[in-house]
Amino acid sequence: MIIKSTSFLKSATRPGNYPELSCPEIAFAGRSNVGKSSLLNVLIQRKSLVRTSSTPGRTQLINFFDLNGELALVDLPGYGFAKVPMAVKTQWGPMVRTYLQSRTTLAAVVMLFDVRRVPRAEDLQLLDWLEEFSIPTIPVITKIDKVTRNTRRKHIEPIIAATGLPAEAFTLFSALSKEGREEIWERLEVAVENMVEEMELEPASDLDADDLNG
Ligand code: GTP
Ligand code: MG
């Protein structure tokens, strides 16, 4: 995709506040500090349209961004950060699950894993929801620059084992070197094309017509 314009649309916590869009959408999920916002900025080649921070757990809202008016990108709130207040922690599950369940234009979720961390319960919970709602999932192992090339395999193996996903399902990425950027874009484009086809097969207006006639 040739990026002509990008903009922040809005933040939301519940469906009534999501922006009303008719274009496909891609969301980015993963634990706090895993690099969701950094990946988004590398994909759209903007230094800091999406807020990144060295204080993890700050972005506790669902943040919507627009690309060319053609595609929406969504930075989902991170999880698993110890210092986040309990009230915020208990909101995360329902907020994210409801989003995944209700967002009909969602084409795929990019699920990030830190190359140096073994996936934990919340990561596996999220993968379960993606499966439950049949949402195409693009698993990405990020911060790949943090380990040497020789030890990549050793670091990746526990992630493969914990998630049960095949090794070839993962794209390796680094926000520093930008390795993996093109591959992720290719995967996003496939997901978007599939979603556009689905939206054309079942346009919302047809459903309305059926309701009126039925
Ligand atoms: P929350 O919004 O708190 O959930 O975090 P996040 O997942 O958006 O992470 P963010 O992009 O803010 O990155 C967290 C920290 O990791 C920042 O200091 C980034 O600079 C750093 N970081 C992100 N990606 C990479 C990467 O690929 N390599 C390296 N070395 N550092 C990275
Ligand atoms: Mg972030």
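The values are calculated or read from the model by the stated rules, or taken from the named source; none is laboratory data. All of these numbers come straight from a predicted model, not from anything done at the bench. Every residue, glycine among them, receives a Cβ derived from its backbone with ideal geometry; neighbour counts consider all protein chains shown.
Tally up the residues in the range 106-122 that are more than 16 Å from GLU157 (Cβ to Cβ) and modelled with pLDDT of 95 or more, please.
Of the residues in the range 106-122, the ones more than 16 Å from GLU157 (Cβ to Cβ) are 106-112, 120-122.
If we keep only those that are modelled with pLDDT of 95 or more too, we end up with 106-112.
So the count comes out to 7.
Just wondering, is there one or more residues in the range 123-139 that are under 21 Å from ASN41 (Cβ atoms) and at pLDDT 95 or above?
Of the range 123-139, the ones under 21 Å from ASN41 (Cβ atoms) are 138-139.
Next cut, at pLDDT 95 or above only: 138-139.
Within the range 123-139, one or more residues are under 21 Å from ASN41 (Cβ atoms) and at pLDDT 95 or above.
What are the pairs with Cβ atoms under 6 angstrom where one residue, in the range 124-140, is within 17 Å of PRO158 (Cβ to Cβ) and the other, located anywhere, is surrounded by 14 or more Cβ atoms within 10 Å (Cβ to Cβ) and aromatic (Phe, Trp, Tyr)? Sequence gap at least six, or different chains. Close Cβ pairs (under 6 Å, with a partner that is surrounded by 14 or more Cβ atoms within 10 Å (Cβ to Cβ) and aromatic (Phe, Trp, Tyr)) amount to PRO139/PHE170; VAL140/PHE173. Reported count of residues in the range 142-173, each being outside any helix (DSSP H, G or I), of a type in the set (A, V, I, L, M) and closer than 19 Å to GLU189 by Cα, is 1.
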